[in-house]
1. Quick one: is L19 aliphatic (A, V, I, L, M), modelled with pLDDT of 95 or more and touching a Phe, Trp or Tyr at 6+ places or on another chain (Cβ under 6 Å)?
2. Quick check: anything in the stretch 346-368 under 21 Å from G110 (Cβ atoms), part of a loop (DSSP other than H, G, I, E, B) and in contact (Cβ under 8 Å) with a residue 60 or more places away in the chain?
3. If K118 satisfies every condition in (1) surrounded by 15 or more Cβ atoms within 10 Å (Cβ to Cβ); (2) away from the ligand (no atom under 16 Å from the Cβ); (3) basic (K, R) but one, which is the exception?
4. Being assigned to a loop (DSSP other than H, G, I, E, B) and either in contact with a helix residue (DSSP H, G or I) (Cβ under 9 Å, 6 or more places away or on another chain) or not small (G, A, S) (or both) is the filter here; which residues of the stretch 319-344 pass it?
5. Which residue pairs have Cβ atoms closer than 9 Å, lie 6 or more positions apart in sequence or on different chains, and pair a first residue in the stretch 77-96 that is more than 18 Å from A331 (Cα to Cα) with a second residue that is surrounded by fewer than 17 Cβ atoms within 10 Å (Cβ to Cβ) and of a type in the set (K, R)?
6. I'd like to check which strands (runs of 3 or more DSSP E) are fully inside the stretch 1-68 and have at least 2 residues that are under 27 Å from E348 (Cβ atoms).
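The values are calculated or read from the model by the stated rules, or taken from the named source; none is laboratory data. This one's a predicted model, so the numbers in the text were calculated from it and none came from an experiment. Using ideal geometry, Cβ is built from the backbone for each residue, glycine included, and neighbour counts are taken over all protein chains shown.
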Amino acid sequence: MATVTFRNVRVFPGHGSALLPASDVTVDGTTISSIADHDPAAAPGDGGASIDGRGRTLMPGLIDAHWHAAFTSISPLVALLADPYYIILVAGQQATATLMRGFTTVRDCGGPTFGLKKAIDEGVLPGPRIYPAGAMITQTSGHGDFRFPNDLPRDPCCGLAHIEKVGAAAIADGADNVLRVCREQLMLGASHLKLMAGGGVSSPADPLDVTQYTERELRSGVEAAENWGTYVMVHAYTPRSIQQALRAGVRSIEHGHLVDQETVEMIAEAGAWWCLQPFLDDEDAAPVPPGSEGKFREMVTGTENAYRLARENDVKVAWGTDVLFSGDLAAKQGKLLAKMTRWYSPAEALSLATSVNAELLQLSGPRNPYPGVLGRVEEGAIADLLLVDGDPLADIGLLADPAANLKVIMKGGTVVKDES
Ligand SMILES: [Zn+2]
């Protein structure tokens, strides 16, 4: 396979606080084969292509650790009522847009993405690598139970609700049923499992404060995951829901905005991950379904405190946006990363979205659909690379305007955008 050399680039390797000196980075096939000091006299060798970096920054492709590829841009009502094939076509369009923002990998946290992932992997359409959770696994009345009141009670002879049929949610009560739906998602190719451990904002029926699933039910999901070498992530905001999940063996806490000191210490002690989102009540707030405004306002009161506690305690923090229901918000994916400078230095924020999130992805173990080193510019790493017009360590805001500032986007050694 031909080589591509990025000549004269300043490298952000995905960690640390400084750019490397001017370098030449060669990609051979799908991986980075060498990183050498820039040699102005060197000619592109052996018929390989070269990209003139002109001193611009080469960094790893971005990773969003909390994404919903199936529901990024459609409204909640469309998500519930539209033809599922329409939903997936829109998701495909959004997947391409995600990649063109420089996000070469997403960790999906629930929704029907197995077909989308397969199509992207086969080159049917451009999009990011998707680590799929499959259906959101929820108890009756839980954060993933989007049935309407007139769907209740469940009629045993009529089978599944629409959200279950399309693979958006799996409603299961009792340890045995949880075990079954978890195994179904693993059978379909889930790289990890998503269970709902506490109240949510966008779901109409569950108050924010409630704890969902029993410890026994959660442990059932954890056993199913661990038997397949992978892990469970849970949606949880409150101390009670997080603590119960940790006792059950959950490895990744999603959100956690209403934490307290004791709970953060427990996350740290368990060595679990905490995937936080920079949710604020500002112009970047996600659209909230009617009736959920109060829950949203309550949740975002915890954001500053959550990041403070995350910084003060030695917790493995990941970054993810959880963009839902808005193409306008999805377009701000890079801005939501730049926003992290409220709590982190630009270099720290960029490390979160590259090498740190990549470390979290390794939790999938043998169920990792993309083995190899992601989130780093180093020899042997998968060549997911961005050429940035400027220095994102000095101005992370460059990533908020990817159309203008990402000059080259490469995924797995293939150039998907070249305006070098
Ligand atoms: Zn989510």
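1. For L19, the condition - aliphatic (A, V, I, L, M), modelled with pLDDT of 95 or more and touching a Phe, Trp or Tyr at 6+ places or on another chain (Cβ under 6 Å) - is met.
2. Yes: the stretch 346-368 contains one or more residues that are under 21 Å from G110 (Cβ atoms), part of a loop (DSSP other than H, G, I, E, B) and in contact (Cβ under 8 Å) with a residue 60 or more places away in the chain.
3. K118 satisfies all of (1) surrounded by 15 or more Cβ atoms within 10 Å (Cβ to Cβ); (2) away from the ligand (no atom under 16 Å from the Cβ); (3) basic (K, R) except (1).
4. Listed by number, the residues that qualify are G320, T321, D322, V323, L324, F325, A331, K332, W343, Y344.
5. P84/K165
6. 3-11, 23-28, 31-37, 57-60, 62-67
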